[in-house]
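Asks: Before anything else, here's the structure in question.
Nothing in this text is a laboratory measurement; each read-out follows from the coordinates by a stated rule. For clarity, every value in this text was computed on a predicted model and none was experimentally measured. FYI the Cβ positions are ideal-geometry reconstructions off the backbone, even for glycines, and counts take in every protein chain you see.
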Amino acid sequence: MDAYQLVRKELDRLKPEFINSVVELVKIPSVYREDTSPYPFGESINQALEKTLQRCKQLGYKTYYDPDGYYGYAEIGEGEELFGILGHLDVVSEGRLEDWDTPPFDMRIPVTANKEELVTKLTDTAMKYNLAYEEFDYLPSIYIPMDSELVQTLLEAYQSITDDAKSQPITSGGATYARAMDNCIAFGAIFPNQEKVEHQPNEYMDIEKMMQAMEIYARAILQLTT
């Protein structure tokens, strides 16, 4: 087995650890921001630097962290000549989160997943790398089956007013007031092919669309309360 084959074999062996490391680093919003921390590039970039050096040390590298937080490095081997690879850990600002298909620095739990089982797996995996799982915030998911009376009633109200039998209910990974109570659902009021401008500068809603939404709401309330 030649050197390349050995390297390839080692890469295959380390692949799961590599993926886990990337997941941990991607979750850090290492964008340059002026904050109150003592670090020259901000708390988040320093966090990314320390986590990277920690991972390098676990892989057998000798590491160095600049006391002022400007840089760090990892080295391995010995000899008169030095081969260096430079990299950076800061990232460009995420910009508009609405333009992302998935949150750039977040992890969300699918509604069908069991949170306790995921936390157990995350905790056990973190311990292997001398890390600890810590939960800062959690919002439980809410899911109402499509064949439920509530969803079917709302769907019928929408279809009867719009004559749109093609559009179907969807699930969303975003936050919603519907999480505040059981058997609650987010409903409307964006129509198919309508420009999505909510939470943006110059947001607006067409008067006729608003009126149509009110009609749908009225029909749905009537059907759900009688």
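Asks: Can you tell me what percent of all Cα-Cα pairs in the range 1-52 are more than 15 Å apart?
Replies: Every Cα pair in the range 1-52 considered, those over 15 Å come to 59 percent.
Asks: Under 24 Å Cα to Cα from LYS62, which lysines show up? Leave out anything in the same chain fewer than 8 places away.
Replies: Within the straight-line limit of under 24 Å, LYS62 reaches these lysines: LYS9, LYS15, LYS51, LYS128.
Asks: For LYS196, give me every one of the aspartates and glutamates with a C-alpha distance below 17 angstrom, ignoring sequence neighbours fewer than eight places off in its own chain.
Replies: Filter leaves GLU98, ASP99, ASP101, ASP206, GLU208.
Asks: Normalising by the residue count of the chain, find the relative contact order in percent from Cα pairs under 8 Å and 6+ residues apart.
Replies: Across the chain, relative contact order equals 12 percent.
Asks: So what is the calculated 222 nm ellipticity per residue for the chain, using -39500 (n - 2.57) for each DSSP H run with n of 4 or more, over all residues, to the nearest 500 deg cm²/dmol?
Replies: That comes out to -13000 deg cm²/dmol.
Asks: Quick check: net charge around PHE191, other residues with Cβ under 14 Å of its Cβ, Lys/Arg +1 and Asp/Glu -1?
Replies: Neighbourhood net charge equals -4.
Asks: Could I ask something else about it? Looking at (i) 17.4; (ii) 22.7; (iii) 21.7, which value of Kirkwood radius over Cα pairs in Å comes from a calculation on the structure shown?
Replies: Read-out from the structure maps to (ii).
Asks: Could you estimate the translational diffusion coefficient of the range 3-107 from the Stokes-Einstein equation, with Rh from the Kirkwood formula over C-alpha pairs, at 37 °C and 0.692 mPa s, in whole µm²/s?
Replies: It diffuses with D of about 206 µm²/s by this estimate.
Asks: Here is a further query. Calculate how steeply helix 43-58 sits against the longest principal axis of the alpha-carbon atoms of the chain, using the helix alpha-carbon long axis, and give the answer as 0 to 90 degrees to the nearest 10.
Replies: 50 degrees
Asks: Filter the GluC sites (Glu not before Pro) in the range 117-173 down to the DSSP loop ones having no more than 10 other Cβ atoms within 10 Å, then list what survives.
Replies: GLU134, GLU135
Asks: Angle, helix 3-26 long axis vs. longest principal axis of the chain, Cα atoms, 0 to 90°, nearest 10?
Replies: That works out to roughly 50 degrees.
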